[in-house]
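Heads up: the structure comes next, in structure tokens.
The values are calculated or read from the model by the stated rules, or taken from the named source; none is laboratory data. As the structure is a computational prediction, the values presented were derived from the model and not from experiment. Every residue, glycine as well, gets a Cβ built from its backbone with ideal geometry; the counts of neighbours run over all protein chains shown.
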Amino acid sequence: MPAHALRGGCHCGAIRVELELPREPAAYTPRACDCSFCRKHGAAYFSDPAGRLHLEVRDQTALGRYRQGNALAEFLFCKCCGVLVAVIYAEDARRYATVNSRVIDGDPGFPDATTVSPQTLAPDDKVARWKAVWFGGVTLAGDGTGQAK
């Protein structure tokens, strides 16, 4: 089965995403987190543990990082244009991530988002869920760490 390649990023292009999905975009229902941070950004996330995700920071000074709630995951946003791009959770040398579906270029054909309430989960349950449904083995280049992980 061929992979479905998608690209996107923030409005100004400082943070870009490239991903491959094993299923067509219409098979994914974005998840609109109901926490105040995600609601204020209008974010609706999608992911696939069988897919691949590469994040590229083209301008290090534009990369914003924010932790809230349990501070387990890190929201990545552009400090220049304000777009919330992705959320990353790192454990040991592995990164898991979900992408804001609204940063994908064009109209990939995602269905309408469904509301979810991860804030009702205990911290360990959140991490277990992220590992089960988010992209695994995510690469992040140009984030100022000197390495693509």
* Is it the case that region 65-82 has a residue that's part of a helix (DSSP H, G or I), surrounded by fewer than 22 Cβ atoms within 10 Å (Cβ to Cβ) and over 11 Å from the mean Cα position of the chain (by Cα)? -> no
* Look at T114 and say whether it is among the β-branched types (V, I, T), without any contact (Cβ under 8 Å) to a residue 40 or more places away in the chain and surrounded by fewer than 20 Cβ atoms within 10 Å (Cβ to Cβ). => no
* Answer yes or no as to whether K126 is crowded, with 17+ Cβ neighbours inside 10 Å, out of contact with any His (no Cβ under 6 Å at 6 or more places or on another chain) and charged (D, E, K, R). => yes
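Residues checked against (1) farther than 19 Å from F46 by Cβ; (2) small (G, A, S):
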position: G82; (1), (2): yes, yes
position: V103; (1), (2): no, no
position: G106; (1), (2): no, yes
position: S117; (1), (2): no, yes
position: L121; (1), (2): no, no
position: G136; (1), (2): no, yes
* Asked: Can you tell me which residue in region 26-59 is surrounded by the most Cβ atoms within 10 Å (Cβ to Cβ), limited to those that are among the charged types (D, E, K, R), over 21 Å from A141 (Cβ atoms) and out of contact with any helix residue (DSSP H, G or I) (no Cβ under 8 Å at 6 or more places or on another chain)?
  -> R31
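Give me the residue from region 83-94 that is at pLDDT 95 or above and not β-branched (V, I, T) and, out of that set, surrounded by the most Cβ atoms within 10 Å (Cβ to Cβ).
If we filter region 83-94 for residues that are at pLDDT 95 or above, which is where we start, we get 83-89.
This time we only want the ones that are not β-branched (V, I, T), so: 84, 86, 89.
On the way: L84: 23, A86: 26, Y89: 18.
Going through the qualifying residues, I end up with A86.
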